[in-house]
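The values are calculated or read from the model by the stated rules, or taken from the named source; none is laboratory data. None of the values given here were measured: they were computed from a predicted structure. Here the Cβ is made from the backbone with ideal geometry for all residues, glycine too, and neighbour counts use every protein chain on show. SASA here: full protein model, heavy atoms, side chains in, ligands and nucleic acids out. Shrake-Rupley method; radii C 1.70, N 1.55, O 1.52, S 1.80 Å.
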Amino acid sequence: MYIAGQKEMQQMDHYTINNLGLPGSVLMENAGAKVVDEIKHESPKQSKILVLAGSGNNGGDGFVVARRLFDLGYDVLLCLMVNPDRIKGDAKIHFDVYVNRKLPLLYFSETSIDTLTYKIKQADVIVDAILGTGLHGPVRKPLNEVISSVNECADDKMIVAVDIPSGVSGDTGKVEGEAIKAKKTITFVCPKKGFFLNQGPEYIGDWKAVDISVPISNAEKLELDLPSVITKELVKDSIPARPANGHKGTFGHVLVIGGSSSFIGAPIFTAKAALHSGAGLVTLAIPESIYPIVASQNPESLLMPLPDDHGYINQSAIDRLSNQLETFDTIAIGPGMGRIPNGEQWMASFIRKLDNQQLVVDADALFLLRHHLDNMGNLKGNVVLTPHPGEMARLLNTNVQEVEESRLDIAATFAPKYNLYLLLKGHRSIISTPENEIWINPYGHDALSKGGSGDVLTGLVASLLAQESKPQNALIAATYLHAKAGETQAEKWSRHGVTPWELITGIKEEINRISGD
Ligand SMILES: NC(=O)C1=CN([C@@H]2O[C@H](COP(=O)(O)OP(=O)(O)OC[C@H]3O[C@@H](n4cnc5c(N)ncnc54)[C@H](OP(=O)(O)O)[C@@H]3O)[C@@H](O)[C@H]2O)[C@@H](O)CC1
Ligand SMILES: Nc1ncnc2c1ncn2[C@@H]1O[C@H](COP(=O)(O)OP(=O)(O)O)[C@@H](O)[C@H]1O
Ligand SMILES: [K+]
C-alpha cells in the first residue's frame, strides 16, 4: 500500500477527475459514504453526532457525511465552521444539497464558542471535517479554539477524522498549533506521509484507508515515487521459503560479532533471535573474557572467543576472524561491542577482510564505521545499517532532533548515496534501499522501548538474510515481525513487561501465525 503526501494526493485526484472523467463531486460522495460506513458499524442508532466542517473539500466530505448519517436515522448536527460564501466547487454542490434538504445546520459565525462547546460535550461522536490535506501553517483562530474544545471533551467520545486529523500536516506529520486528537482516521485512497512522521502518530488514532474510486494505479501512471506501508500480506511474501528437505547448511550461517564486559547480553540476544527465526547455524564471536558466561547462556550457538583487551575485542581479533570469515553467509556486527580501543582502525581492517558476506551493522559498529561509509557500497555483499535515531545522528554528524524531523528525507537520501540498505529505527521505522525504494512500518509501540530490543532485531535481520531473503524482504519481514511481537507479547505481559526474551518468543509465534494464515 502506497503512502502519499499532499501534492501527490492532489495529482492522483486531478488525474481521476481530468483524465479518467470521474467528477470531483462523485469522489466526494464516495468519500463521505465510506466514512459513514465506518461510523455506522461502531455507533448505535441513538448516537448524537456532530459534524464539524471547514471551507475546503474536507468540509465537502463532511456535508456528505452529515447528510448520509441523517438518512440513516442518526441525530446529526452539521456545524459549518466558516462563512458559507467561502465554500466553492465540489464542496458547494454538496453544501447546497444539504441546505436544500433543510437538514440540521448550525453556523458557527452565528453562534459562540460556548454554544459550540456545549454541542461538543453533548455529542457521542464528533466528525472532524474541518481541515484536510489542504492545511498550511498553524490552525488559525477561531478554528484552533474549536479544536482544543474537542480535545478537552474527547474522553468519552468517538472522534473520527475525515482523511487526516485537522491540524496535522499530511506531508510531515508536524503539528504547529492545535490538532484534533482522533480516535479513528478514515483516510482516502492511501495513508498520508504525516501519519508516520513527527507528531502524526500521536494524533491519528487507528487509521483505515478506503477506496473512493481514485485508482491507486494513478500513482504509476503519474510516475510518482511513493513510499509504501508494510502490510501483513507483504510480509507473508517476504518470509524465506523453507524446503522440508533442507539441512542446516540450507538455512545459512550467521556470525555475530559483539559483546564486551559491560554488554554481555546484547550479542546473546542477537544470536538467539537469529536461531529462533530459522538460521541454520549461528556463531557468536565475543571477547574471551566473557566467554564462560556467554557459553553458559547460549549452548545452541557455536562460539568463537576473540583476543581481548580489558573486556573489549582487540586488534588481533581480526586475524582470528579472518581465518574463518568465508564460512559465514551473513555477519551481524556491533551489538554490545562497545567503543573498542582504536576501533575505527579495527573496523577498517575488518571491512578489508570481507569478501561476499552480507553485513548487518548495528550499535557501536555504526559509530566505528562512520568515516568509512564511502567504502561500504563497494563491498561485494549487501550492507544493511540499522541505526536508531541517535546512531543516525552520529552517522550524519547532526543531532537527534534533526534526524527525527526529517526521517523520511534522510532515509531517502542516505541509502542511495552510500549504495546500502538502511533501517532507520524508531516509533515508525523506515527502510530504504540503494534504488530509493522506501517502506514504513506502521506497527509497534513502547513495549519495544527497552535495552536489547534492537539487538533482537539485528539477529532477525541477519537470520532472514542468511536464509536468502533479498535485503529489502529481510528488512520488511524483520521490522514487522519484531514490532508485532512487541504488540502481542504486550497483550500477555503488559507494555511494561516485555523483555528481549519475550520478543524472541513473540517473533517465532508471529512467524507461525503469518505462515499459517
Ligand atoms: N480533491 C478531491 O477531489 C478530493 C478531495 N477530498 C478531500 O479534500 C481534502 C483536501 O481539500 P482541500 O485541498 O480543499 O483542502 P482542505 O483540507 O479542505 O483545506 C482547505 C481550506 O482550509 C483553509 N486552511 C488551510 N490551512 C488553514 C489553517 N492553518 N487555518 C485555518 N484554515 C486553513 C483554507 O483556507 P485559506 O487558508 O486558503 O484561506 C481552505 O479554505 C482532502 O483532505 C479530502 O478530505 C475528497 O473529497 C476526495 C476528493
Ligand atoms: N515506541 C516505540 N514504537 C515502536 N518501536 C519502538 C519503540 N521504541 C523502540 N522501538 C523499537 O525497538 C528497537 C530499539 O532498538 P535500539 O534502540 O537499537 O535498542 P538496543 O540498542 O537497546 O537493542 C528498534 O527496532 C525500535 O524501532
Ligand atoms: K479532517
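Taking the criterion of being touching a Ser or Thr at 6+ places or on another chain (Cβ under 6 Å), open to solvent by 50 Å² or more (accessible area, probe 1.4 Å) and not small (G, A, S), would at least one residue in the stretch 389-399 satisfy it? No; the residues of the stretch 389-399 include none that is touching a Ser or Thr at 6+ places or on another chain (Cβ under 6 Å), open to solvent by 50 Å² or more (accessible area, probe 1.4 Å) and not small (G, A, S).
Yes/no per residue for (1) more than 34 Å from the chain's Cα centre (by Cα); (2) more than 20 Å from K181 (Cβ to Cβ); (3) open to solvent by less than 60 Å² (accessible area, probe 1.4 Å):
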position: N100; (1), (2), (3): yes, yes, no
position: L103; (1), (2), (3): yes, yes, yes
position: L106; (1), (2), (3): yes, yes, yes
position: E110; (1), (2), (3): yes, yes, no
position: I113; (1), (2), (3): yes, no, yes
position: I120; (1), (2), (3): no, no, yes
position: D128; (1), (2), (3): no, no, yes
position: H136; (1), (2), (3): no, yes, no
position: R140; (1), (2), (3): no, no, no
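The residues listed here are G459, G486; of these, the one that is within 15 Å of ligand 2 (Cβ to nearest atom), under 20 Å from L275 (Cα atoms) and more than 18 Å from the chain's Cα centre (by Cα) is G459. Give me the pairs: first residue in the stretch 128-143 and assigned by TED's automatic domain parsing to the domain that holds F63 and over 24 Å from E38 (Cα atoms), second residue part of a loop (DSSP other than H, G, I, E, B) and among the charged types (D, E, K, R), beta-carbon distance under 7 Å, and six or more apart or on different chains, which are they? If the second residue must be part of a loop (DSSP other than H, G, I, E, B) and among the charged types (D, E, K, R), the pairs left are G137/E176; P138/E176; V139/E178.
Residues that are of a type in the set (S, T, N, Q), within 21 Å of I351 (Cα to Cα) and not in a helix (DSSP H, G or I): does the stretch 261-281 have at least one? Scanning the stretch 261-281 turns up no residue that is of a type in the set (S, T, N, Q), within 21 Å of I351 (Cα to Cα) and not in a helix (DSSP H, G or I).
All of E491, E435 fail the test of being open to solvent by 40 Å² or more (accessible area, probe 1.4 Å), in contact (Cβ under 8 Å) with a residue 12 or more places away in the chain and either part of a strand (DSSP E or B) or farther than 15 Å from I230 by Cα (or both), apart from E435.
Restricted to the stretch 1-96, the set of helices (runs of 4 or more DSSP H) holding at least 2 residues that are away from ligand 2 (no atom under 16 Å from the Cβ) and over 27 Å from F196 (Cβ atoms) comprises 24-42, 57-71. The set of residues in the stretch 363-413 being in a helix (DSSP H, G or I), of a type in the set (K, R) and more than 24 Å from P227 (Cβ to Cβ) consists of R394 alone. Taken together, P201, P191, P227 contain a single residue that is closer than 27 Å to I514 by Cα, modelled with pLDDT of 95 or more, touching a His at 6+ places or on another chain (Cβ under 7 Å) and surrounded by 14 or more Cβ atoms within 10 Å (Cβ to Cβ), which is P201.
Within the stretch 210-219, does at least one residue satisfy the condition of being surrounded by fewer than 24 Cβ atoms within 10 Å (Cβ to Cβ), within 16 Å of ligand 3 (Cβ to nearest atom) and outside any helix (DSSP H, G or I)? Spell out the reasoning first.
Of the residues in the stretch 210-219, the ones surrounded by fewer than 24 Cβ atoms within 10 Å (Cβ to Cβ) are 210-219.
After this cut, where a residue has to be within 16 Å of ligand 3 (Cβ to nearest atom) as well, the list is 210, 212.
Right, trim to outside any helix (DSSP H, G or I) and you get 210, 212.
There is at least one residue in the stretch 210-219 that is surrounded by fewer than 24 Cβ atoms within 10 Å (Cβ to Cβ), within 16 Å of ligand 3 (Cβ to nearest atom) and outside any helix (DSSP H, G or I).
Table: residues versus (1) modelled with pLDDT of 95 or more; (2) in contact with a Ser or Thr (Cβ under 7 Å, 6 or more places away or on another chain); (3) of a type outside the set (A, V, I, L, M, F, W, C).
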| residue | (1), (2), (3) |
| --- | --- |
| M1 | no, yes, no |
| M9 | yes, yes, no |
| G24 | yes, no, yes |
| V35 | yes, no, no |
| S47 | yes, no, yes |
| L52 | yes, no, no |
| N57 | yes, no, yes |
| A91 | yes, no, no |
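The rows are residues; the columns are (1) within 16 Å of ligand 1 (Cβ to nearest atom); (2) among the acidic types (D, E); (3) within 24 Å of G451 (Cα to Cα); (4) touching a strand residue (DSSP E or B) at 6+ places or on another chain (Cβ under 9 Å).
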| position | (1), (2), (3), (4) |
| --- | --- |
| P335 | no, no, yes, yes |
| P341 | no, no, yes, yes |
| Q345 | no, no, no, no |
| Q357 | no, no, no, yes |
| V361 | no, no, yes, yes |
| P387 | no, no, yes, yes |
| L396 | no, no, yes, no |
| Y421 | no, no, yes, yes |
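Within the stretch 41-60, track down each residue that is over 27 Å from D114 (Cβ atoms), in contact (Cβ under 8 Å) with a residue 24 or more places away in the chain and out of contact with any Lys or Arg (no Cβ under 9 Å at 6 or more places or on another chain). Please lay out each step first, then the result.
Residues of the stretch 41-60 over 27 Å from D114 (Cβ atoms): 41-42, 44-45, 57, 60.
When the remaining residues are screened for being in contact (Cβ under 8 Å) with a residue 24 or more places away in the chain, the result is 42, 45, 57, 60.
Residues satisfying the conditions are K45, N57.
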